[in-house]
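Rule-based calculations on the coordinates, nothing more; no lab input. Since the model is a prediction, treat every value here as computed from it, not as a measurement. Every residue, glycine among them, receives a Cβ derived from its backbone with ideal geometry; neighbour counts consider all protein chains shown.
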Amino acid sequence: MAKFDPHRIRSGDEPMHARSPLRMRLAMALIGLASAIGGVVFFITQHAVGFVVFCAVVGLAALVDAVVVARHIRQGPHWQPGRDIPPYRPVEEPEDWPEDRSPLSQRTREQVYLIMMGTCLVLVILAWTVVRLFSPGLAIAMSVVAAFIPPFAVMVANARGRNW
């Protein structure tokens, strides 16, 4: 069960219920929307259909984010903490939840991290030294897969372990 630790006070119980500065996020979403609209207009004049579609998708994502943020702003201080709004306690887990598994040791987490990052490097090196000669598309796919490995490796390395 998650316990409230007063020494680690945050504005929410990150990452489950993190609270962000919504006005800044709204401004960034609107800048992204304006940039995407500008990109669509520019690439229409250049007859670049692929870039038009890409900018339209980015603009749609920015619009959805702006709508969600505006909704949260209207919902009040639960979603937008101010200087006078104290942090709220994390949501307590129900009593009938299963027990947590024992944490991984620092050494185990380091080994898993190194294996994952080594896999990433092997994929990139193989993709652009060997595989590209036979199938450039497969080399690109391998690079895309390799790009998704580091964030998960960092999550494994920073997972709560015995040294916390």
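Structural remarks
- With both labels modelled 7 Å from their Cα along Cα-to-Cβ, the Arg74 to Leu104 distance reads 4.4 nm.
- For the range 32-39, 3J(HN,Hα) per residue [Karplus equation, 6.51 cos²θ - 1.76 cosθ + 1.60, θ = phi - 60°, Hz, x = Gly/Pro]: x, 5, 5, 5, 5, 5, x, x
- Phi-derived couplings, Karplus 6.51 cos²θ - 1.76 cosθ + 1.60 at θ = phi - 60°, listed residue by residue for the range 54-70: 4, 5, 5, 5, 4, x, 5, 4, 5, 5, 4, 4, 4, 5, 5, 5, 4 Hz, with x used for Gly and Pro.
- Rounded to whole numbers, the Karplus 3J(HN,Hα) couplings from phi for the range 138-145 are 5, 5, 5, 4, 5, 5, 5, 4 Hz, using 6.51 cos²θ - 1.76 cosθ + 1.60 with θ = phi - 60°, and x at Gly and Pro.
- Here each label is just a point 7 Å from Cα along the line to Cβ, and for Gln46 and Ile31 those points are 2.2 nm apart.
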